[in-house]
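If you scroll down you'll find the structure; I have some questions about it.
Values in this text are rule-based calculations from the coordinates and carry no lab data. Please read these numbers as outputs of a predicted model, since none were measured by experiment. Here Cβ is always computed from backbone atoms with ideal geometry, including for glycine, and neighbour counts include all displayed protein chains.
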Amino acid sequence: EKTMTEVLEKSINTGAVFIERALGHDLFLKYLDSFGLFDPTGIDLDGEVFSNNTTLKKGYEINFATASFGQGIEITPIQLVRAYTAIANGGKMVKPYVVDRIVTDDGDIKTEPEMSSPVLSTKTASQLTAMLISVIESVYSKSARLPGYYIAGKTGTAQVPFSTLGIEKKGYSDKTWQSFIGFAPALDPKFLILVKLDNPETRTAEYSAIPVF
């Protein structure tokens with residue numbers, strides 16, 4: 001048996017599948033929707049591209065299984081960042097923006113971050129933060145540690161689908177996307193960083209994205 005913290009620490013895909021099945025497909029989709037993974041973020045850039053996960057919503061069992069551990073779900077980096085802010089901000093997501101302030105003849109107009117309604121309880125956000133700190137303190141992600149700081153973060157290594165490479169073939173290639181997302185100081189966050197690399201030479205994100213972070 002494994003705890004959910006161990007599932008995160010060791011990236012155990014079967015543990016994620018178990019939890020998705022325990023939730024049920026409908027509730028799983030509801031959570032994904034709550035975290036904004038089917039909608040644009042509204043970031044202040046023209047022509048934002050976003051995923052709506054049409055294939056996942058069709059309800060095939062294999063798609064729910066792979067989506068549970070991140071392989072079978074389509075999201076843009078900014079969608080992932082927005083979703084992750086809910087953990088860092090006590091359960092509320094932050095709308096991302098690029099422009100910090102607009103300077104006019106009348107003075108500065110500062111952009112204030114917009115918070116969503118809570119998608120997690122404060123207690124759940126705190127529990128997740130503690131679990132993600134444990135991920136970094138574990139042997140598997142220890143290279144992300146910074147002396148004097150707690151970091152809450154998670155690696156990601158996903159195979160690239162043949163379709164993404166323009167190859168008319170089902171399944172996944174041997175190429176990978178590798179990522180690391182984290183915020184710090186974990187108990188009073190000041191920044192959140194996502195590093196995403198396209199097919200780096202290393203096998204996992206521990207050796208590619210984490211050092212960049």
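Comparing Ala152, Ala22, Ala125, which has the greatest mean-square fluctuation in the GNM of the chain with Cα pairs linked when under 10 Å apart?
Fluctuation is largest for Ala22.
Show that you can apply the helix-only estimate: for the chain, add -39,500 (n - 2.57) for every DSSP H stretch of four or more residues, divide by all residues, and state [θ] at 222 nm to the nearest 500. Intermediate results must be reported in sequence, preceding the final value.
Values: 8 runs with 72 residues, N = 213.
Calculated from helices alone, the mean residue ellipticity at 222 nm is -9500 deg cm²/dmol.
Using only the Cα atoms of segment 1-95, build the gyration tensor, take square roots of its eigenvalues as a ≥ b ≥ c, and label the shape rounded, prolate or oblate: rounded if a/c is under 1.5, else prolate if a/b is larger than b/c, else oblate. Write down the numbers at each step before the final one.
Details: a/c = 2.16, a/b = 1.40, b/c = 1.54.
Oblate, since a/c reaches 1.5 and b/c is not below a/b.
Which whole-number percent gives the relative contact order of segment 6-110, counting Cα pairs below 8 Å spaced six or more residues apart? Walk me through the intermediate numbers first.
Details: 109 pairs, mean separation 25.6, N = 105.
In percent, rounded to a whole number, it is 24.
Restricted to Cα positions, what overall size does segment 12-169 have along the principal axes? Three whole-Å values, descending.
Principal axes ranked by extent give 57, 42, 30 Å for the Cα atoms.
Over 19 Å between Cα atoms: which of Lys175/Lys196; Lys10/Lys154; Lys92/Lys142; Lys30/Lys175; Lys10/Lys57 fall into that group?
Working: Lys175/Lys196 14 Å; Lys10/Lys154 10 Å; Lys92/Lys142 28 Å; Lys30/Lys175 31 Å; Lys10/Lys57 28 Å.
In this structure, Lys92/Lys142; Lys30/Lys175; Lys10/Lys57 lie more than 19 Å apart at Cα.
Scan the chain and hand back the longest stretch that contains none of the GluC sites (Glu not before Pro) lying in DSSP loops with at most 11 other Cβ atoms within 10 Å.
Values: sites that count: Glu1, Glu168, Glu201.
Maximal segment without exposed cleavage sites: 2-167.
According to the square roots a ≥ b ≥ c of the eigenvalues of the Cα gyration tensor, what is the shape class of segment 106-195, taking rounded for a/c under 1.5, prolate for a/b larger than b/c otherwise, and oblate for the remainder?
Oblate, because a/c is 1.5 or more while a/b does not exceed b/c.
Can you list the chymotrypsin sites (Phe, Trp or Tyr not before Pro) in segment 67-110 that are in a DSSP coil and have 11 or fewer other beta carbons within 10 angstrom? Don't jump to the answer; show the numbers that get you there.
Details: sites: Phe69, Tyr84, Tyr97; in loops: Phe69, Tyr97.
Here no chymotrypsin sites (Phe, Trp or Tyr not before Pro) fit, given the DSSP loop and packing criteria.
In addition: For the chain, what are the DSSP H helices with axial Cα length of 20 Å or more and mean Kyte-Doolittle hydropathy of at least 0.0?
On the way: long enough: 122-137 (22 Å, 0.73).
Within the chain the helices that satisfy the rule are 122-137.
Treat every Asp and Glu Cβ in the chain as -1 and every Lys and Arg Cβ as +1, leave all other atoms uncharged, and give the resulting dipole magnitude about the Cα centre to the nearest 20 debye. Let's see the in-between values first.
Details: 21 positive and 25 negative charges, 145 e Å.
The dipole of the chain has a size of about 700 debye.
What fraction, in whole percent, of alpha-carbon pairs in segment 79-151 exceed 21 Å separation? Before the final figure, lay out the partial values.
On the way: 1233 of 2628 pairs.
Tail of P(r) above 21 Å: 47 percent of Cα pairs.
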